[in-house]
1. I'd like to verify a number: residues in segment 91-131 that are over 17 Å from H21 (Cβ atoms), surrounded by fewer than 15 Cβ atoms within 10 Å (Cβ to Cβ) and hydroxyl-bearing (S, T, Y), how many?
2. Could you grab me the full set of residues in segment 25-44 that are touching a strand residue (DSSP E or B) at 6+ places or on another chain (Cβ under 8 Å) and more than 23 Å from K94 (Cα to Cα)?
3. Report, by residue number, each residue of segment 25-38 that is closer than 12 Å to L130 by Cβ and surrounded by fewer than 18 Cβ atoms within 10 Å (Cβ to Cβ).
4. Just the residues that are part of a loop (DSSP other than H, G, I, E, B), without any contact (Cβ under 8 Å) to a residue 40 or more places away in the chain and more than 14 Å from the chain's Cα centre (by Cα), please, taken from segment 87-117.
5. Which one of the conditions (1) in contact with an Asp or Glu (Cβ under 7 Å, 6 or more places away or on another chain); (2) surrounded by 14 or more Cβ atoms within 10 Å (Cβ to Cβ) does Q138 fail to meet, given that it meets all the rest?
6. Out of K47, K51, K41, K12, I need the residue that is surrounded by fewer than 16 Cβ atoms within 10 Å (Cβ to Cβ), touching a Cys at 6+ places or on another chain (Cβ under 8 Å) and either among the aromatic types (F, W, Y) or more than 19 Å from T115 (Cβ to Cβ) (or both). Which one?
7. Could you say whether any residue in segment 123-138 is among the charged types (D, E, K, R) and at positive phi?
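Just so it is clear, none of the values below were taken in a lab; they were calculated from the coordinates. Just so it is clear, the model here is predicted, and its values are computed rather than measured. Using ideal geometry, Cβ is built from the backbone for each residue, glycine included, and neighbour counts are taken over all protein chains shown.
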Amino acid sequence: MKISKDIKLALKYLKIGVIAHPTDTIYGLGCLANNLNAIQKMINLKKRDEKKGFILLASDVSYLMPYIDLNEDSEMFQKLTKTNKKPTTYLVPKSEKTPDLIFGDNELLAVRLTTDPLITYFCENTKSALISSSANIQGEASGNLFA
């Protein structure tokens, strides 16, 4: 992947807030998983119920480890580290330290390891997993962005 000025600019804004970015499936909003102010901003932008929680995207399982608790579950660890040809989301136990804004009212946390070059670039240059969500207002179709 060629690192353009726009990608570098997006990385700069990601480090301090929320960005729009392509995902494996559609365009989404994203922020760093360790930036609670940016997560709250995403909730406000999307008019999202705080009880819903978000998905964590990462290019390497190490970026997910602060947020998940595999509790010696080597089988789940194997699944997470296995390369999949299609995007696969796993529901895993959350760590006690995971902020409520990330998981909402859910007992499990949605995570996806991705080989997407842009998400990989963001993760590797911030040393963090990303919070992601579709770019539409909650309850609206994907095409009605911020209507």
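1. Qualifying residue count for the region: 0.
2. I26, Y27
3. N34 - this is the single residue of segment 25-38 that is closer than 12 Å to L130 by Cβ and surrounded by fewer than 18 Cβ atoms within 10 Å (Cβ to Cβ).
4. Residues satisfying the conditions are S95, E96, K97, E107.
5. (2)
6. K41
7. Yes - at least one qualifying residue is present in segment 123-138.
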